[in-house]
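Here is the structure we will look at.
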Amino acid sequence: MNMFSKATKLVVATALLAGLSTASMAKDKVYKWKLATTWGPTLSPFIDAPENMAKLVEEMSNGRLIIRVDAANKHKSAFGILDMVKGGQYEMGHSASYYWKGKDIDLLPFTTMPFGMTAPEQYAWFYYGGGLELMQKAYAKHHVLSFPGGNTGNQMGGWFRKEVKTLDDLKGLKMRIPGFAGEIMAKLGLTVTNIAPGELYTALERGTIDALEWVGPGMDINMGFHKVAPYYYTGWHEPATELQFLVNEKAYNKLPKDLQAILLTAMKISSYNMYIQNYDMSATAWSKIATEYPDIKIKTFPKPIMDAMKQANKELLTEMSKDHPLLKEVLDSQAAYQKKAREWTKMSDYLYLKDNL
Ligand code: CA
């Protein structure tokens, strides 16, 4: 009797355990993802955005979603991020949307546009002005989801070996400059190219290129460009460069709702953190530039050059959106939002700064 009772208890206990483990299996299932970035393993703050995101995801999910971040030296395809996420080799990517302009022009405007919105204006457009929906629409044909991935704020116009005084000084120069700004520079007679971040310094030093733009003092000075090309121009072309997180749509849809929410939250927090981290890096570097790097010559492009850039920008916007209805929809949305938001920027930041510099 006792034995029987013991056996019954055992059966009941085993059944209970089995039931429990079935229920908790779904809850405890561990998702292991991989993320590919365009950036090298020490390229702060760009690499920090996906690394912080992965760390937050792991902590918030109690280890149920683990994302391994592969820097460019690992996968060796700095500009292949979209293809790798689309093809499913990586569930996620971190890069800049304007790098795919040759592949799909509709993806270009989600990083930044010359003479376009500043970072607060553009973030407002993404999250409250329909920008995020348009970005999903543009990426839908690739079966990839895309989210803001960290902003650099206003970028510097780049490093030149010689001073640029006239439009003729620009003609024939070979410059690394991506995105829509590259199209403008090509229209002004430069030979334009894009080069992976890890190869920029060598390209400039060896004379493969005569000039380049990268980000701002916080990131540029670490790269050493000033040793080769000391003329450092103020910005016009990337007023609010937003990086992008890419997520394979199928992989995202397989995640339980709570892990999706954790992922979205972690991407948003780490993006905002990169924005302020880069601001701090540039402010710190800038505060030391005059004393530690007295050979750097800070310049602004003369007005005739700026006017020519603006004119080329206007013509190219009309020309390039003519045969691309989705690109036109995005550009029109950005232009309309910029017009509205800029009035407030003038009333708030601009008037405040004008009298408090
Ligand atoms: Ca740049």
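Since every read-out is calculated from the coordinates, none of them should be taken as a lab result. Small disclaimer: the values here were computed from a predicted structure and weren't measured. Cβ sites come from the backbone with ideal geometry, for glycine too, and all protein chains shown count toward neighbours.
Report the local net charge at THR193: Lys and Arg +1, Asp and Glu -1, summed over other residues whose C-beta lies under 9 Å from its C-beta. Could the numbers behind the result be given before it?
Details: positive: LYS174, ARG176; negative: none.
For residues surrounding THR193, the net value is +2.
What length, rounded to one decimal in nm, is gained on full extension from LYS328 through to THR42, with 0.36 nm per residue of separation minus their alpha-carbon distance?
Working: separation 286, 0.36 × 286 = 102.96 nm, distance 3.71 nm.
Gain on stretching LYS328 to THR42: 99.3 nm.
Rounded to the nearest 10 degrees, what's the angle between the helix 2-28 long axis and the longest principal axis of the chain, both from Cα atoms, 0 to 90?
Around 10 degrees separate the two axes.
Can you list the aspartates and glutamates whose alpha carbon sits under 18 Å from that of LYS288, skipping same-chain ones fewer than 8 residues off?
Straight-line reach from LYS288, under 18 Å: ASP220, ASP280.
To the nearest 10 degrees, how steeply does helix 48-60 sit against the main Cα axis of the chain, on a 0 to 90 scale?
For 48-60 against the chain, the angle is about 20 degrees.
When the Cα centres of the range 89-150 and the range 248-276 are compared, how far apart do they sit, in Å?
Centre-to-centre distance over Cα atoms comes out at 15 Å.
Roughly what angle does helix 325-345 make with the longest principal axis of the chain, taking Cα atoms, 0 to 90 degrees, to the nearest 10?
Helix 325-345 and the main axis of the chain meet at about 80 degrees.
For LYS162, which lysines qualify as cross-link partners when the Cα separation must be under 17 Å and same-chain residues fewer than eight apart are set aside?
Here the lysines satisfying the reach criterion relative to LYS162 are LYS171, LYS174, LYS227, LYS297, LYS299.
Which of the peptides 116-124, 310-318, 239-247 is most tightly packed, and how do the rest follow, going by the mean number of other Cβ atoms within 10 Å of each residue? Let's see the in-between values first.
Details: 116-124: 20.9, 310-318: 15.3, 239-247: 25.2.
The peptides rank, most packed first, as 239-247, 116-124, 310-318.
Kindly state, to the nearest 0.05, the FRET efficiency for GLU58 paired with ASN194, given R0 = 35 Å and r defined as their beta-carbon distance. List each step's numbers first, then the result.
On the way: r = 33 Å, r/R0 = 0.94.
So the FRET efficiency works out to roughly 0.60.
Using the Kirkwood radius over C-alpha pairs as Rh, can you work out the diffusion coefficient of the range 164-251 via Stokes-Einstein at 4 °C, viscosity 1.567 mPa s, in µm² per second? Mind showing how you got there, number by number?
Working: Rh = 14.3 Å.
Translational D for this selection: 91 µm²/s.
Do you know the relative contact order of the chain, to the nearest whole percent, from alpha carbon pairs under 8 angstrom that are 6+ apart?
Numbers: 568 pairs, mean separation 80.7, N = 357.
In percent, rounded to a whole number, it is 23.
Sort 102-109, 126-133, 151-158 by packing, meaning the average of other beta carbons within 10 Å per residue, with the highest value first. Show your work: numbers first, answer last.
Numbers: 102-109: 19.6, 126-133: 16.5, 151-158: 23.6.
Taking the mean over residues of other Cβ atoms within 10 Å, the ranking is 151-158, 102-109, 126-133.
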